[in-house]
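The values are calculated or read from the model by the stated rules, or taken from the named source; none is laboratory data. In this text the structure is predicted, and so the values were computed from the model without any measurement. Positions of Cβ are backbone-derived with ideal geometry, glycine not excepted, and every protein chain shown enters the neighbour counts. We work out accessible area using only protein heavy atoms, side chains counted, and drop any ligands, DNA or RNA first. Shrake-Rupley method; radii C 1.70, N 1.55, O 1.52, S 1.80 Å.
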Amino acid sequence: MKSIQFANVEDQYRNNAGELRSTDVQKLDEWVRAQPHLPPITELELILFLHSNYYDVEAAQRTIECYYTFRTSCKNLFGNRNLDKDSIQMAMNVLDLAILPGSTPEGYRVLLAKIVDPDTSKFSLSSLLTLALMCVDIQLWEEGCKNGSILIIDMDGIHLGHLPKLGIFTLKDLLYFILEGLPIRLKGLHLTNVVPFIDRIMTMVRPFMKKELLEMLHLHTKMHTLFPYIPQHLLPSDYGGMARPRKSLRDDLYNHTIECGDHLASYDKVKRVDESKRIAKLRTMGNLFGLI
């Protein structure tokens, strides 16, 4: 097993000079230490939380609270993070997830996802998302701060048989975590090769999508309308770009995630909220996830 090559903290300060201040990181660290229910949080993690909130300390505090509480309590996305599980192994065969090797002119990382096995008997939304979030974890820790992130979902291969398997509560949890807990600057969500029944999917998820996410959402019936947002040369060669084929990028990502499996397992054991030590019940689990 290889260990994760965490981003260098000094590089984060240097690359974000003038905005990322050590005094703000210290202030955030002091706040974390005053919350006995929170786990230990590294300086790199504090920097990621600050950066994702555009260096607003109070907003970073809210994201930290959500991030660790959600990861502790949300079993359908974080309760089965074992790469040896049959469900995760199957997810690797159903979903191709690739992180493009280059960045957009704005400095955004780009993730590309595609269902490659149309057999709905193998499709488990929670397993696919669990796998994807494990991959994203490692990229965040290794890449450090990025100006933004863009997700492309190639819907080619999705058919009506998948519709009943799009668990509404799992989708709700995912959308909440992406916007409120994940320490990234989400800049765009692009659905390409959209299916004819996209309106039915949107009817399901729209009630859980905040205005800011709806404004980032772009639907593309053809690939070429994506290129103003993602330069074509950044895409895999099978999409007309200059990067290696999607399958090759997917293999790199999954192989590296597997290599880091031990660290993922130990991280999940340590980075948990202890509700018995929470000083003030500022949020119940119900209103944390928008249930009341």
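Go through the stretch 140-153 and report how many residues are closer than 18 Å to Gly102 by Cβ and either free of Cβ contacts under 8 Å to residues at least 60 places away in the same chain or not in a helix (DSSP H, G or I) (or both).
Looking only at that region, the number is 9.
Give just the number: which of (1) among the aromatic types (Phe, Trp, Tyr); (2) in a helix (DSSP H, G or I); (3) open to solvent by 60 Å² or more (accessible area, probe 1.4 Å); (4) under 24 Å from Leu140 (Cα atoms) does Phe169 not satisfy?
Only one criterion is unmet by Phe169, namely (4).
Taking Ala91 and the conditions (1) open to solvent by 10 Å² or more (accessible area, probe 1.4 Å); (2) part of a helix (DSSP H, G or I); (3) within 16 Å of Ser126 (Cα to Cα), which numbered condition does it fall short on, given that it satisfies the others?
Result: Ala91 fails condition (1) only.
For the structure I just gave you, tell me whether Phe78 is closer than 30 Å to Lys165 by Cα, within 17 Å of the chain's Cα centre (by Cα) and either open to solvent by 10 Å² or more (accessible area, probe 1.4 Å) or not assigned by the TED database to the domain that holds Gly148 (or both).
When the stated conditions are applied, Phe78 passes them.
Looking only at the stretch 115-126, count how many residues are open to solvent by less than 30 Å² (accessible area, probe 1.4 Å) and in a helix (DSSP H, G or I).
Within the stretch 115-126, residues that are open to solvent by less than 30 Å² (accessible area, probe 1.4 Å) and in a helix (DSSP H, G or I) number 1.
State all residues of the stretch 34-54 that are within 20 Å of the chain's Cα centre (by Cα) and in a loop (DSSP other than H, G, I, E, B); if no residue qualifies, say none.
Scanning the stretch 34-54 gives Ile41, Thr42, Asn53, Tyr54.
Would you check if Leu253 is part of a helix (DSSP H, G or I) and either surrounded by 15 or more Cβ atoms within 10 Å (Cβ to Cβ) or not assigned by the TED database to the domain that holds Met155 (or both)?
Here the answer is yes, as Leu253 does meet what is asked.
Taking the stretch 264-286 as the search range and keeping residues that are at pLDDT 90 or above and part of a loop (DSSP other than H, G, I, E, B), which one is farthest from Pro39 (Cα to Cα)?
Arg278
Just the residues that are more than 21 Å from Arg81 (Cβ to Cβ), in a strand (DSSP E or B) and aliphatic (A, V, I, L, M), please, taken from the stretch 96-114.
If the condition is that a residue be more than 21 Å from Arg81 (Cβ to Cβ), in a strand (DSSP E or B) and aliphatic (A, V, I, L, M), then Val110, Leu112 are the ones that fit.
Looking at (1) farther than 24 Å from Ser124 by Cβ; (2) in contact with a strand residue (DSSP E or B) (Cβ under 9 Å, 6 or more places away or on another chain); (3) without any contact (Cβ under 8 Å) to a residue 24 or more places away in the chain, which is the one condition that is false for Leu234?
(3)
Residues of the stretch 221-233 being open to solvent by 20 Å² or more (accessible area, probe 1.4 Å) and more than 19 Å from Gly157 (Cα to Cα), which ones?
Thr225, Phe227, Pro228, Tyr229, Pro231, Gln232, His233
I'd like to know if the stretch 175-186 contains one or more residues that are assigned by the TED database to the domain that holds Asn93, more than 25 Å from Ala59 (Cα to Cα), of a type in the set (Ser, Thr, Tyr) and surrounded by 14 or more Cβ atoms within 10 Å (Cβ to Cβ).
No - not one qualifying residue is present in the stretch 175-186.
For the stretch 234-250, name all the residues that are farther than 24 Å from Gln89 by Cα, of a type outside the set (A, V, I, L, M, F, W, C) and either assigned to a loop (DSSP other than H, G, I, E, B) or open to solvent by 40 Å² or more (accessible area, probe 1.4 Å) (or both).
Within the stretch 234-250, Ser237, Asp238, Gly240, Gly241 qualify.
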